[in-house]
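What follows is a single structure, written as structure tokens, with notes after it.
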Amino acid sequence: MGTIFHLDIVSAEESIYSGPVEFLVAPAQMGEVGIYPRHTPMLTRIKSGMVRIKAQLKEEELVYVSGGMLEVQPDVVTILADTAVRSHDLDEAKALEAKRAAEEAMKNRESELDYAKAQAELIEAMAQLAAIDKLRKRGH
Amino acid sequence: MAGSREIRNKIKSVKNTQKITRAMEMVAASKMRKAQERMKKARPYGEKIRNVAAHMSRANTEYRHPFLIARDTVKRIGVIIVTSDKGLCGGLNTNVLRKVVNQMKTWQAEGEQVEVCCIGNKGLGFMSRVGASVTSQVIGLGDTPDITKLIGAVKVVLDGYTQDQFDRVYIFYNRFINTMKQEPVMEQLLPLTDERMQGSEQDSDKSKAIWDYIYEPEAKSVIDDIMVRYVEALIYQAVAENMASEQSARMVAMKAASDNAGNVINELTLIYNKSRQAAITKELSEIVGGAAAV
């Protein structure tokens, strides 16, 4: 302890890097930050760019992240990488799109939530499954 | 030989069906492996972001994110329903939808309004058929739970919560237990439960200490971002699990269908042979009878 710290880079889809490192440079939102062991705790957003990692007795490594969050503790650093390019406007546009699609789908249907109908439909589906099951047990 | 041609045709058609179900079984089996892998790969992120969120909620006291504040009165409920896009996967979607309908019935009996967000075609089709109010939807996810596709629909729900349109948000999906067993579950998503705001067990004791973070650029926006990502990660995980469940349920259903087709073929072959033999016997006895008559 003291000369190294643990680094995890994870994205929603996979774990990108995990191991002890000596030094790290990440593209934080307010400018690049270099992190040595025993850095003061920090939480920041990072931009898309290269994260430079120097592990002990190893060449410097470069890992690309498309933005995300960086958490720093004195001996553990976590980078939560985004898998998608995010921005407020982009997210907003996607939300509107999802809403619009739903509204469109809503137009062509009855208004009241018909539980009886819903249940009837489910019961029918369950009955079909049960019948299939029974038939299977009989060896047909 | 009257019926035998028909039986032969029938056998042929059942054999064709069996070919299709067998192919689907094998496709589902290979997709299942990938889906399970994807589900496992998503875990480290879920765990890490959970730890960060936990640290943060302990560290920062002056700003409490709306996702953490429980509301006293619950009037409107948001529901996220995760289903598959395609059918032919046994009772998977039916089970989860039945759970949803039962729960919605109780909510409505208590005078709460329910709005749904549908992830997956089957749930959307069902919900719009029965007349639930659908606020947002994502369909056609394919075989990968792509977070870019989820963001929009999820944001509608999250914004609804922050803007007081919903007082509570639940998620329904199929939890993957093993290849043979999937279980429909309902989980509370918002407000985040205390259990969800505790670090995982792997989180070392040291990092359970209270950190006085430096926030860059400022606390509120960083915390907002992390909370949104945390909830998204939870939903992503649910979608990934549902996909693994879907593929294994389909594999099992298709295996059963192929086996059934095999049984039907055996039986039909038996009937075919019997009728063939009966025809031969009949012909023989006619010849013998004819010879005796001469």
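The values are calculated or read from the model by the stated rules, or taken from the named source; none is laboratory data. Worth saying up front: this structure is predicted, and the values here are computed from it rather than measured. Heads up, the Cβs are rebuilt from the backbone with ideal geometry, glycines too, and the neighbour counts pull from every protein chain shown.
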Original post:
Got at least one residue in the range A:79-97 being at pLDDT 70 or above, among the β-branched types (Val, Ile, Thr) and over 27 Å from B:Ile139 (Cβ atoms)?
Top reply: yes
Subject >> Filter result (touching a residue at least 12 places away in the same chain (Cβ under 8 Å) and of a type in the set (A, V, I, L, M)) within the range B:257-294 >> reply: B:Ala257, B:Ala261, B:Val264, B:Ile265, B:Leu268, B:Ile271, B:Ala279
Original post:
Can you list the strands (runs of 3 or more DSSP E) found entirely within the range A:10-62 that contain at least 2 residues being over 21 Å from B:Tyr215 (Cα atoms), at pLDDT 90 or above and not β-branched (Val, Ile, Thr)?
Top reply: A:15-21, A:42-54
**OP:** Name the single residue, out of those in the range A:46-92 being in contact (Cβ under 8 Å) with a residue 24 or more places away in the chain and of a type in the set (S, T, N, Q), that is farthest from the other protein chains (Cβ to nearest Cβ).
**Re:** A:Gln56
Subject >> Residue in the range A:20-45 that is surrounded by the fewest Cβ atoms within 10 Å (Cβ to Cβ), counting only those that are more than 13 Å from every other protein chain (Cβ to nearest Cβ) and not hydroxyl-bearing (Ser, Thr, Tyr) >> reply: A:Gly34
Original post:
among the basic types (Lys, Arg) and touching a Cys at 6+ places or on another chain (Cβ under 8 Å) - does that describe any residue in the range B:246-259?
Top reply: yes
Original post:
How many of the residues making up the range B:55-81 are among the aliphatic types (A, V, I, L, M), surrounded by fewer than 14 Cβ atoms within 10 Å (Cβ to Cβ) and over 31 Å from the mean Cα position of the chain (by Cα)?
Top reply: 0
Original post:
Could you list, in sequence order, the residues of the range B:157-186 that are in a helix (DSSP H, G or I) and under 20 Å from B:Gly120 (Cβ atoms)?
Top reply: B:Val157, B:Leu158, B:Gly160
Subject >> Members of the range B:214-225 found to be touching a helix residue (DSSP H, G or I) at 6+ places or on another chain (Cβ under 8 Å) and surrounded by fewer than 22 Cβ atoms within 10 Å (Cβ to Cβ), listed by number >> reply: B:Tyr215, B:Glu216
**OP:** All but one of (1) away from every other protein chain (no Cβ under 14 Å); (2) under 17 Å from B:Ala249 (Cα atoms); (3) free of Cβ contacts under 8 Å to residues at least 24 places away in the same chain hold for B:Phe176, so report the exception by its number.
**Re:** (3)
**OP:** Could you grab me the full set of residues in the range B:235-255 that are touching a helix residue (DSSP H, G or I) at 6+ places or on another chain (Cβ under 7 Å) and either of a type in the set (Val, Ile, Thr) or without any contact (Cβ under 8 Å) to a residue 60 or more places away in the chain (or both)?
**Re:** B:Ile235, B:Val239
**OP:** For residues that are on the phi > 0 side of the Ramachandran plot and surrounded by fewer than 19 Cβ atoms within 10 Å (Cβ to Cβ), scanning just the range B:95-135, find the one that is nearest to the other protein chains (Cβ to nearest Cβ).
**Re:** B:Gly131
Subject >> Single residue of B:Val154, B:Val169, B:Val138 found to be within 23 Å of B:Gln103 (Cα to Cα), touching a residue at least 60 places away in the same chain (Cβ under 8 Å), within 14 Å of chain A (Cβ to nearest Cβ) and crowded, with 21+ Cβ neighbours inside 10 Å >> reply: B:Val154
**OP:** Would you confirm whether any residue within the range B:56-70 is among the aliphatic types (A, V, I, L, M) and touching a Cys at 6+ places or on another chain (Cβ under 7 Å)?
**Re:** no
**OP:** Quick one: in the range B:141-151, of everything that is facing another protein chain (nearest Cβ under 8 Å) and of a type outside the set (S, T, N, Q), which residue is nearest to A:Lys94 (Cα to Cα)?
**Re:** B:Ile151
Subject >> Selected residue (only one of B:Gly78, B:Gly46 is modelled with pLDDT of 90 or more and either under 30 Å from B:Glu218 (Cβ atoms) or among the aromatic types (Phe, Trp, Tyr) (or both)) >> reply: B:Gly78
**OP:** Being charged (D, E, K, R), crowded, with 20+ Cβ neighbours inside 10 Å and out of contact with any Pro (no Cβ under 7 Å at 6 or more places or on another chain) narrows it down to one of B:Lys15, B:Lys10, B:Lys48, so name that one.
**Re:** B:Lys48
